[in-house]
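Below: one structure, written as structure tokens.
The values are calculated or read from the model by the stated rules, or taken from the named source; none is laboratory data. Source: prediction; values computed, not measured. Accessible surface areas use protein heavy atoms only, side chains included; no ligands, DNA or RNA. Shrake-Rupley method; radii C 1.70, N 1.55, O 1.52, S 1.80 Å.
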Amino acid sequence: MRRQETTYYLEMTGPGELCASPAPRGDLKLTLATVADPELNRFFYSSVGRDWCWVDRLTWTRDDWLAWLSRPGHETWVLYVGGTPAGYFEFDCGEEAAVEIAYLGLLPEFVGRGMGGYLLSQATRRAWEKGANRVWLHTSSFDHPAALANYRSRGFRLFKTEVSYKDLPDRPRGCSE
């Protein structure tokens, strides 16, 4: 099925622009995954994105995932709540000290608990700690309805919007017309 998608590109150009969200209550731990593990990233991508039309990587082979994760400047961070994986984000550190928060999200069981703002705040802080001169990301009209507002609330500014069409296989849950 062919569907219209709006992609929003947002950025920060200084660490002082971050309006951090406080940590929600609970036993939270954010950990850098130091081993490139295709199964871990495939799990997060498919589980976090299943309701939001994340379909681009679903056909990737293990070798595709390993090549993606092994690139210089790529990082995967995992948020644990009480020892249980709850969410993740991926960085791509590009040229000229720009850091893209390429993927960020929570597993469905952890959505609505105030963790999205916290996870985004932590991702943004870590990007600045890497010496970034710009932190950017994109979201889509297919993503969680609160995603764009969360990014803006944290201090990200819109710098570009694109409208395109995407062919979706079977309509995943959450992909409304």
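Observations, loosely collected:
- Under 5 Å between amide hydrogens, built in the peptide plane, is the criterion, and for LEU58 it picks out nothing among residues at least 5 positions away or on other chains.
- Volume of the convex hull of the stretch 39-177 (Cα atoms only), normalised per residue: 129 Å³.
- Beta bridges per DSSP, both residues in the chain: antiparallel share near 90 percent.
- For the pair SER141 and GLN4 in one chain, pulling the backbone fully straight at 0.36 nm per residue adds 48.4 nm over the alpha carbon distance.
- Dividing the summed -39500 (n - 2.57) terms of all DSSP H runs of n ≥ 4 by the residue count of the chain sets its mean residue ellipticity at 222 nm at -7000 deg cm²/dmol.
- Taking the protein heavy atoms of the stretch 2-121 in the context of the full set of protein chains, the accessible area attributed to carbon and sulfur is 52 percent at 1.4 Å.
- Under-5 Å amide H pairs with PHE142, H placed in peptide plane, nonlocal only: THR6
- The chain, accessible area per residue, ligands and nucleic acids excluded (1.4 Å, Å²): 52
- Converting phi to 3J(HN,Hα) with the Karplus coefficients 6.51, -1.76 and 1.60 and the offset θ = phi - 60°, the stretch 153-167 yields 5, 7, x, 6, 10, 5, 10, 6, 10, 10, 10, 9, 10, 10, 8 Hz in sequence order, with x at every glycine or proline.
- Value in Å of the Kirkwood radius, where the stretch 27-88 supplies the Cα pairs that are averaged: 12.4
- Listed values for the stretch 47-62 are Karplus-derived 3J(HN,Hα) couplings in whole Hz (6.51 cos²θ - 1.76 cosθ + 1.60, θ = phi - 60°), namely 6, 5, x, 4, 8, 10, 6, 7, 10, 4, 9, 5, 8, 5, 7, 4, and x replaces Gly and Pro.
- Sequence-ordered 3J(HN,Hα) estimates for the stretch 79-94 from the Karplus curve with 6.51, -1.76 and 1.60 and θ = phi - 60° stand at 9, 10, 10, x, x, 9, x, 10, x, 7, 8, 10, 9, 10, 8, x Hz, glycine and proline given as x.
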